[in-house]
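Below: one structure, written as structure tokens.
The values are calculated or read from the model by the stated rules, or taken from the named source; none is laboratory data. Since we're looking at a predicted model, the values are computed, not measured. Every residue, glycine as well, gets a Cβ built from its backbone with ideal geometry; the counts of neighbours run over all protein chains shown. Only protein heavy atoms, including side chains, enter the accessible area calculation; ligands, DNA and RNA are left aside. Shrake-Rupley method; radii C 1.70, N 1.55, O 1.52, S 1.80 Å.
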Amino acid sequence: MSQRCAKGDWVMIHQIILEPHERSKDIPEDTAKVPLEAWIKGWANDSAEVGQEVEITTPSGRITKGRLVEVNPGFTHTYGPAVPELNPIAQELRAVLKEAKNRG
Amino acid sequence: MARDTSYRAVMARQNEIMKKSLGMDYEEYVKGPIVFDYEAMMSGSGYTLEKVREIQREVGVGNTPLLELKNVTELVRRYAKPGYGARICVKDEACNPSGSFKDRRASVSLYHAAKKGYPGALAATSGNYGAAVASQAAMRNLGCIIVQEVFDSRHVGQPEIIEKTRKCEAFGAEVVQLTVGPELFYVALLLLEETGYFNASLYSPYGVAGIETLGYEIVEQCRARYGKDPAYVVVTHAGGGNVTGTARGLRKAGALGTKVVGASVDLTGLHMASDRDFNRKSFTTGHTGFGVPFATWPDRTDVPKNAARPLRYLDRYVTVTQGEVFYVTEVVATVEGLERGPAGNTSLAAAIPLAAELPEDEIVVVQETEYTGAGKHPQAQLDFARRNGVEVRRGDPRENVPGKRIVIPEKFSQLHVTEMPLDRMRRSYIRNAVQKNGLKEINAEEVQFLAEDSKLTPEEVCRILEELEVKVRA
Ligand SMILES: Cc1ncc(COP(=O)(O)O)c(C=O)c1O
């Protein structure tokens, strides 16, 4: 993974939107202790190192600034491993349906 | 001079920002702290059912197939008492362009935004609605920003929501991913102010009018195929637009005998704004964490008066467990050949035990499906639950504990619903209406409004008010 972006690269930045003391008063204790953070993607307006502040232009055309966290950010979410609790359900119910059909 | 962008200052400008970004003045309909003309607000937008159908036809939204679930129905009849087990049909809303019924909502909002000359649209949602707005914006070549609540403070995200981020970006939208907290709306307001975008709120009359076609189509399809109306239409319920729009469509089609049953996943005990609880839930919509507060106080949203008012329409409200919905998701994939997303199967999980209550010649319609994908899938979600300390096992679904234990049923006949007492919810709505407005005394017109808004008689409202020690002026 590249540690540096060039102007025009697709990147992700991080911003602190509200520090804990700036947050809404109507939130649970655990949430009130942490800042409200944001991650936004767009095209870098300058070159920068990961960790440095950089300005981006977002897909909606907005210009905003934040700490560079990733160059060419992608997605790694998956379908996950097989779940043994779900795995046998098909066989169980198909057997029931087959039996129902045989009985007519 | 630079505008003050502090939390307090922006929230104080909320009404002004909303007015501009919705292009709608709610003052026209509001008659007092409690009373407003709901029907005038709904028709004031000018989007009749016919007009909405025309808009949706042009963008390929709606007219989804109604599929009969023959094998699921057979499985119900195997355990129902003789002669019982209604036919179960499902409206395959996953066939919409972005994969859920939310396209219906977005289609009207984006048509309106384009017509009024807004440069783009914004929605604050972690759900399917973001994808729907992004897809409709792409069709109309409008800008689009989706603000999502994605991560806890460890930067760990729900796989289901990360998939929604991906989908919105796939349609060319800008996605602002946030950590947990209701200040999502503050960020949305800031961005509306900055961009001049249309607020594609889930709760505007446009959004709710867009769903009426869904209820209407169900009646048309049932009548054409079976020559009768469904006994029950089961609706996955969260913020209440789905129940409201569908029920209005059923009524417009004249299906006055059809019962509207709301269904939510039971997440009792988990706090929706809690950083810790955020990743202990395996459902991000269709659950009681939205379903109950929105039904008992609809006007908690980003619009002055919410168009989604489910208590007006609900005949029954039931809950199911997370494990049951995952089970049913596996069932419908493997015995019906329909691989669909879990959250949209909430109403299917409820429909199964409900169908067992009814004779064989009745029809139960499950009102939607949603798309599935990486992350938004039982395997990904159960794996994530386990990694966040939630126990997953097979057993009796009654042993489910939200946030602690997900129980996948061992047998089809274990699927069950828990009744949510609507009377209690109606009463808590009335309590909210008087308390949030600080009223000790109300008049007859207000009693009449509360009765309509909660589907009670004025006499019942008066009895509740008496218990709350609120005086009714003659
Ligand atoms: C697939 C699906 N079903 C049901 C719902 C619930 O709709 P509503 O919030 O209008 O009650 C949602 C939205 O959150 C959804 O995405």
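Of note:
- Radius of gyration, Dmax [the range B:328-378; alpha carbons; angstrom]: 11.8, 39
- Proximal lysine pairs, the range A:1-72, alpha carbons under 17 Å, eight or more residues apart or interchain: 4
- With the convex hull drawn around the C-alpha atoms of the range B:203-348, the volume per residue stands at 117 Å³.
- Comparing the full protein assembly with the isolated chain (1.4 Å probe, heavy atoms, ligands and nucleic acids excluded), the residues of the range B:130-158 losing at least 20 square angstrom of accessible area are B:S153, B:H155.
- Average silhouette area of the range B:422-473, convex hull of alpha-carbon atoms, in square nanometres: 3.0 nm²
- The mean sequence separation of alpha-carbon pairs under 8 Å and at least six residues apart, normalised by the residue count of chain B, gives a relative contact order of 18 percent.
- Average accessible surface for chain B: 35 Å² per residue, computed with a 1.4 Å probe over protein heavy atoms with every protein chain in place.
- Highest-fluctuation residue, A:E53, A:E92, A:E29 considered, GNM on chain A with Cα pairs under 10 Å: A:E92
- Scattering profile of the range B:113-272 at q = 0.09, 0.15, 0.19, 0.20 Å⁻¹ [log10 I(q)/I(0), Debye over alpha-carbon scatterers]: -0.37, -0.91, -1.17, -1.22
- Prolate/oblate/rounded label for chain A (Cα gyration tensor, a/c 1.5): prolate
- Computed over protein heavy atoms with a 1.4 Å probe, the carbon and sulfur contribution to the accessible area of the protein assembly as shown reaches 48%.
- For chain A, the longest principal axis of the alpha carbon atoms and the long axis of helix A:89-103 meet at an angle near 30°.
- Gyration tensor (alpha-carbon) shape descriptor, the range B:95-148, a/c threshold 1.5: oblate
- Taking only the alpha carbons of the range B:52-147, we obtain Rg and Dmax values of 18.1, 60 Å in that order.
- Euclidean distance between Cα centres, the range B:51-75 to the range B:104-171, Å: 22 Å
- Distribution of pairwise C-alpha distances over the protein assembly as shown, 20 Å bins, in %: 21, 55, 23, 1, 0
- Normalising the average separation of contacting C-alpha pairs (under 8 angstrom, six or more residues apart) by the number of residues puts the relative contact order of the range A:1-72 at 41 percent.
- Convex hull per residue volume in Å³, alpha carbons only, for the range B:265-345: 125 Å³
- Annotation for the A:B interface, with buried accessible surface near 4300 Å², both sides summed [1.4 Å probe; non-protein components not counted].
- Shielded residues, the range B:166-183 - accessible-area loss of 50 Å² or more between chain alone and all protein chains, probe 1.4 Å: B:E169, B:E174, B:Q177, B:T179, B:E183
- Separation of alpha-carbon centers, the range B:184-258 and the range B:324-341, rounded to whole Å: 24 Å
- Efficiency of FRET between B:K81 and B:K252 - r from beta-carbon atoms, R0 45 angstrom, step 0.05: 0.80
- Shape category assigned to the range B:206-247 from the gyration tensor of Cα positions, a/c cut at 1.5: oblate
- Once you divide the Cα radius of gyration of chain B by 2.2 N^0.38 Å, the number left is 0.94.
- Of A:I16, A:I27, A:I89, the residue with the greatest mean-square motion in the GNM of chain A, using alpha carbon springs below 10 Å, is A:I89.
- For a label point 7 Å along the Cα-to-beta-carbon line of B:Y226, residues of the range B:52-79 with backbone N under 17 Å: B:65-78
- Members of B:K19/B:K51; B:K91/B:K404; B:K259/B:K305; B:K81/B:K259; B:K115/B:K305; B:K164/B:K259 lying beyond 30 Å, as alpha-carbon distances in this model show: B:K91/B:K404; B:K164/B:K259
- Taking the inverse of the mean 1/r over every pair of distinct Cα atoms in the range B:295-448 gives a Kirkwood hydrodynamic radius of 18.1 Å.
- Net charge dipole, chain A: roughly 600 debye, given to the nearest 20, about the Cα centre with Cβ charges of +1 for Lys and Arg and -1 for Asp and Glu.
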